[in-house]
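Taking it in order: structure first as structure tokens, then the write-up.
The values are calculated or read from the model by the stated rules, or taken from the named source; none is laboratory data. Bear in mind the structure is a predicted one, so any value in this text is a computation, not a measurement. Cβ sites come from the backbone with ideal geometry, for glycine too, and all protein chains shown count toward neighbours. These area figures cover heavy atoms from the full protein model, side chains too; ligands, DNA and RNA do not enter into them. Shrake-Rupley method; radii C 1.70, N 1.55, O 1.52, S 1.80 Å.
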Amino acid sequence: MSQRTFRKKYLVIDDANALDVNNLQRKVNQASKHPEPVLRADAPWNLDTETICHMNVIHDEGVFKMWYCVGHYAGEGHDGPNKLAYATSTDGIHWDRPELGLVEINGSKKNNYLIPAINVVPAIINDPSDIPERRYKMIFAGGGTDSAAWARYHSPLNLAYSADGLHWERPVHVNPVLRGISDDCFSLIYDADRRKYLLFTRRVPNLPRDISMYESCDLVNWEDRGRVIVPDDRDPPEMYNLYYMTPFRYDDFFLSMLSTQYTSPVSETYDSFHRSPDYPDTRMGQVDIQLAYSRDGHNWQRPDDRTAVVPCGEPGSIDAGGLYPAHNPIVKDGETWIFYVQQRNRHSWWDIQERWEREQSVKDSNFGMLARMPEDRWVYLDAGGEEGCMMTKPIPFAPEEQLESGEEILVNADASGGAIEAELVTPFGQVVEGFGRGDCVPVTSDGKDQPVRWKG
């Protein structure tokens with residue numbers, strides 16, 4: 001009879017597995033940015049008036065697949081809708097943009113476009129619960145027309161599905177599936193435990209911005225579950241706009257990359273459209289990427305430490321303005337990969353307009369980027385220069401038939417500046433003989449699966 005490895009992971013994102021915590025602060029880790037952009041608006045068919053907007057990335061069948069928007073700007077705002085483009089990669093760093101021959105632009109089909117007019121990048125998932133012909137699901141908003149813009153509508157959201165992610169079927173008798181709830185970014189995930197689709201978007205009216213959730217069994221009929229995450233008094237006064245969030249499943253959690261926008265607390269729109277000669281040199285208009293988490297997908301929280309998982313760069317850098325996370329961070333080869341679009345300019349029309357007037361091009365204003373962090377290191381417990389301790393809830397042992405050679409306790413930690421020691425106690429607080437702290441061999445290294453050992 002073959003034996004299987006029994007492995008249970010305890011993340012310290014919250015206190016669900018802790019009975020007592022003393023002198024330990026929960027802190028957020030920052031991902032390491034890849035030094036160069038992984039995607040630029042430099043395909044032969046890209047114009048000087050075009051740049052990369054948002055993107056959606058899936059790792060499927062050993063291949064990275066990216067759907068991204070190409071936005072158009074020629075002064076005085078966005079002239080026309082975005083186009084949806086497609087790229088693939090075997091390593092996540094070098095991307096191929098195949099000539100798909102699906103959309104004619106400027107008299108040619110030699111491009112990688114899938115849809116000629118779309119609002120923002122759609123929310124695309126690989127749905128294992130459905131038949132192969134509907135393997136990929138998309139919730140998207142149309143590109144709009146002048147008459148629709150004049151009517152001051154908010155984006156109706158629509159459904160499409162595909163077998164290959166390139167050719168999309170739009171069920172005509174159900175679209176749009178949602179009206180009047182979204183003005184811009186949104187995200188979609190499938191909760192396999194409850195067999196439901198969860199859509200996260202901005203409620204309208206949308207100032208100040210926060211995130212609401214809608215739930216469906218069939219992607220056609222949706223239930224409004226209300227606001228799920230809003231800024232709070234732990235944020236600085238100017239950080240009260242949550243631009244959008246991109247949830248994903250991660251072990252026992254739903255995690256999300258959260259785009260947090262810094263805006264004037266006095267007037268939500270003034271700093272976006274006006275710049276006076278004495279405009280303050282503050283964070284106004286910047287957008288960084290923070291962490292949110294949930295145990296059930298409905299009740300969302302943010303760590304007390306609001307350190308950005310991916311922060312904006314220094315003034316003058318290519319990511320000094322705003323960062324917009326792609327859907328679906330990916331765990332690969334012991335790392336978490338976070339794709340995002342960075343903006344040189346801040347989230348403000350005057351900043352975009354100044355760049356256009358100066359360079360007559362926006363191709364180098366936005367780039368597709370990548371940040372990485374070691375797997376399972378979203379947050380950590382830090383004792384600083386003192387000693388701290390945590391008592392966990394009882395840890396269940398594996399069934400005997402699933403053991404290979406006894407049980408191990410492994411820690412994922414950077415103990416290179418100190419030491420981690422452990423002891424085993426009974427539910428009554430009695431130290432198990434031979435497994436006390438004095439018997440423990442200290443862990444003093446930095447690593448993921450470091451075994452906790454006792455001298456005996």
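Summary table
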{"quantity": "Chymotrypsin sites (Phe, Trp or Tyr not before Pro) restricted to segment 153-203 and DSSP loop, no more than 14 other C-beta within 10 Å", "calculated": "Y153"}
{"quantity": "Heavy-atom accessible area order for E133, E50, largest first, 1.4 Å probe", "calculated": "E133, E50"}
{"quantity": "Dipole axis of the chain (+1 Lys, Arg; -1 Asp, Glu on Cβ), positive-most option in P122, V177, S89", "calculated": "V177"}
{"quantity": "For the chain, calculated [θ]222 nm from helices alone, where every DSSP H run of n ≥ 4 adds -39500 (n - 2.57)", "calculated": "-1000 deg cm²/dmol"}
{"quantity": "Tail fraction, Cα-Cα pairs, segment 13-69, threshold 14 Å, whole percent", "calculated": "75"}
{"quantity": "Cα centroid separation, segment 216-291 to segment 168-194 (Å)", "calculated": "21"}
{"quantity": "Probe 1.4 Å - accessible area at E386, Å² to nearest ten", "calculated": "140"}
{"quantity": "Viscosity 0.890 mPa s, 25 °C: Kirkwood-radius Stokes-Einstein D of the chain over Cα pairs, µm²/s", "calculated": "102"}
{"quantity": "Tilt relative to the chain, helix 349-359 - C-alpha long axis, 0 to 90 degrees, to 10", "calculated": "70"}
{"quantity": "Set of aspartates and glutamates with alpha-carbon distance to K110 below 15 Å, sequence-local pairs under 8 removed", "calculated": "D42, D96, E99"}
{"quantity": "Set K196/K393; K137/K332; K8/K65; K393/K455; K27/K196; K9/K332 screened for pairs whose C-alpha atoms are more than 21 Å apart", "calculated": "K196/K393; K137/K332; K8/K65; K393/K455; K27/K196"}
{"quantity": "Å² of accessible area per residue within the chain, as computed with a 1.4 Å probe and no ligands counted", "calculated": "49"}
{"quantity": "Mean separation of Cα contacts under 8 Å (6+ apart) over length of segment 260-334, as relative contact order %", "calculated": "27"}
{"quantity": "Packing-based order for 60-69, 446-455, using average beta carbon neighbours within 10 Å, highest first", "calculated": "60-69, 446-455"}
{"quantity": "Accessible area of L207 in the full protein assembly, 1.4 Å probe (Å², nearest 10)", "calculated": "80"}
{"quantity": "Cα-based reach from K109 at 18 Å (exclusive), listing lysines while leaving out same-chain residues under 8 positions away", "calculated": "K83"}
{"quantity": "F339, F428, F435, ranked by accessible area, largest first (probe 1.4 Å)", "calculated": "F428, F435, F339"}
{"quantity": "Surface share of carbon and sulfur [accessible, 1.4 angstrom probe, percent] for the chain", "calculated": "49"}
{"quantity": "The chain, dipole about Cα centre (Lys/Arg Cβ +1, Asp/Glu Cβ -1), debye to the nearest 20", "calculated": "940"}
